Amino acid sequence: MINIILFGPPGSGKGTQAQKLADKFNFLHISTGDLFRAEIGNKTELGQEAMSYISKGLLVPDEITIGMLRKKVEENPDVEGIIFDGFPRNVLQAEALDELLAERDQQISALIALDVDDEEIIGRILERSKTSGRSDDADVDIIKNRINVYKGETAPVFDYYLEDERSHTVHGVGSIEEIFTRLSDLISAL
Ligand code: AMP
């Protein structure tokens, strides 16, 4: 069982690449952002609560996020591997993920960070807003908030897994296929 965290700032291409990798390696792709958007679409209580944070570019509280993630993992006990996209987003979530996997005698195999600079990210997210329908993609101040949250709360997760050399960085600029090859080569070598 291989468990990968696809890491990187908003707009770094995690969602696109995670889906392609999941298809190639036959892994389950879990995106907490997508799970929240499904809850919002279904107008659930969880979705409404999550939206009040997402719309400001803030993290949804850990209790809600970890509970939702745990449920998704437990619903899929027989998968060959999991690609976590957008989770963990702080060290507490990383600790909760490690615990959840340890209960199943598993662990994170690698964290792979897509390296993309701020200017490129803002451009990409604004471009994405034309088709994503996401209100958090369409406003530069909200995008900047999300980048600040990434730097302050999320980036320490890279160091958390670097301690035992599980964190890797991949250059996140280039064509989708070029970046996909970089990621695939790294995962194949694990
Ligand atoms: P994403 O689709 O990964 O860019 O996530 C969109 C938004 O959902 C984020 O800006 C957060 O508000 C929320 N979100 C997604 N994943 C998490 C998480 N692991 N912890 C807290 N909030 C999250």
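What follows is calculated from the coordinates using simple rules that are stated; it is not laboratory data. These numbers come from a predicted model, not from an experiment. Positions of Cβ are backbone-derived with ideal geometry, glycine not excepted, and every protein chain shown enters the neighbour counts.
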Rank G47, G123, G174 by mean-square fluctuation in a GNM of the chain with C-alpha springs under 10 angstrom and give only the top-ranked residue. G174
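Given DSSP loops and a limit of at most 13 other Cβ atoms within 10 Å, what is the longest stretch of the chain that contains no such GluC sites (Glu not before Pro)?
Numbers: sites that count: E75, E80, E103, E163, E165.
With GluC sites (Glu not before Pro) excluded where exposed in loops, the chain gives 1-74 as its longest stretch.
Relative contact order of the chain, please, whole-number percent, based on alpha carbon pairs below 8 angstrom and at least 6 residues apart. Mind dumping the intermediate values first?
Values: 258 pairs, mean separation 61.9, N = 190.
Relative CO of the chain lands at 33 percent.
If you put +1 on each Lys and Arg Cβ and -1 on each Asp and Glu Cβ, how big is the dipole of the chain around its Cα centre, in Debye rounded to 20? Could you put the intermediate results ahead of the total?
Working: 20 positive and 35 negative charges, 125 e Å.
Charge dipole of the chain: 600 debye, to the nearest 20.
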Between region 34-76 and region 97-173, what's the alpha-carbon centroid distance in Å? 17 Å
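Hey, what's the Cα Rg ratio for the chain versus the globular rule of thumb, 2.2 N^0.38 Å?
My calculation over the Cα atoms of the chain gives 0.97.
Using the Kyte-Doolittle scale, which helices in the chain average at least -1.0 and also have C-alpha atoms spread 15 Å or more along the helix axis, with helices defined as whole DSSP H runs? Write out the running numbers ahead of the final one.
Details: long enough: 14-25 (16 Å, -1.09); 62-74 (17 Å, -0.38); 91-102 (16 Å, 0.90); 118-132 (21 Å, -0.82); 176-188 (18 Å, 0.51).
Correct list, ordered by number: 62-74, 91-102, 118-132, 176-188.
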Across the chain, qualifying lysine pairs (alpha carbons under 19 Å, at least 8 places apart or different chains) come out at 12
Using r as the Cβ-Cβ distance of S55 and D118, and R0 as 25 Å, what FRET efficiency do you calculate, to the nearest 0.05? 0.70
Along Cα→Cβ, 7 Å out, is where each label goes; now give me the distance between the ones at K71 and D141 in nm to one decimal. 3.3 nm
